[in-house]
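The values are calculated or read from the model by the stated rules, or taken from the named source; none is laboratory data. Only a predicted model underlies this, so the values are computations on that prediction, with no experimental measurement involved. So basically every Cβ, Gly included, is an ideal-geometry build from the backbone, and we count neighbours across all protein chains shown. Side chains included, ligands, DNA and RNA excluded: accessible areas come from the protein's heavy atoms. Shrake-Rupley method; radii C 1.70, N 1.55, O 1.52, S 1.80 Å.
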Amino acid sequence: MIEVTISKAVIANTDMDDPLSTDALPREAIERFVARIEVRKNQLAIHLRSGENDIQIRSNHDPNSAEHRAVTSRTVVVPWKKPSRPAQEILLPAGTPEHRARPVKAERRSALIRAIGRGRLWLQEIVDGRETIESLAARQHCSTRQINMTISLTFLAPTLVTAAVEGRFPRGIGVAALRDAPAEWSQQMTRLGLAPTPAPDSANR
């Protein structure tokens, strides 16, 4: 956590008493000693206030003012890296070497997520009696088959929906591959050539 790193730097480079807690310092305590913080590529540059001007600096909140810069006594640089998110495992068809795995392109992932959302919205409108397949087709200027194919995405296995949202499908699996899927969730996985890995709390319909 960036707050913990800043807190340790403040404690080590000021006359603040070392607190018993290992958590980050309260924001008020950090603001008392720190004028500003620069987030660099692999480090933080923490600009500490000078003690004698602490009252003045707290009354002047403009970090670009001459007074603000003048009372900053020194800069402490500490190593820091932005935490990286763990890579998501791509769902690969059987027999595909891992070194050839490439995630679905961002635009195709976005198109798939939008299509799933539209399918759920249209199904709800039909269930509520606000629309029919025919009226939706007229409104969307498409065929009734197109409406049915989009609504079919509503019945994808939760594992597949999660993979779509997280971008874990490999190249080649998009809207067309997921439309009109079998009702059985395990069969949906089989049709895509994927190992059947339904969520632990899921049951086939």
Taking 0.36 nm per residue of separation and subtracting the Cα-Cα distance, what length does fully extending V39 through D128 add?
-> 26.9 nm
Could you order peptides 27-38, 169-180 by the average number of other Cβ atoms within 10 Å of their residues, highest first?
-> 169-180, 27-38
FRET E, pair R27, V76, Förster distance 25 Å, beta-carbon r, rounded to 0.05 | 0.85
From the P(r) of region 91-191, can you give the percent of Cα pairs sitting at distances over 18 Å?
-> 50
Give the peptides 116-125, 150-159 in descending order of average Cβ contacts within 10 Å, highest first.
-> 150-159, 116-125
What's the extension gain from E89 to S152 if we count 0.36 nm per residue and subtract their Cα-Cα distance?
-> 20.1 nm
How would K105, K8, K82 line up by accessible area, probe 1.4 Å, largest first?
-> K82, K8, K105
Q140 label point, 7 Å along Cα→Cβ, cut-off 14 Å on backbone N: hits in region 151-176?
-> 151-155, 175-176
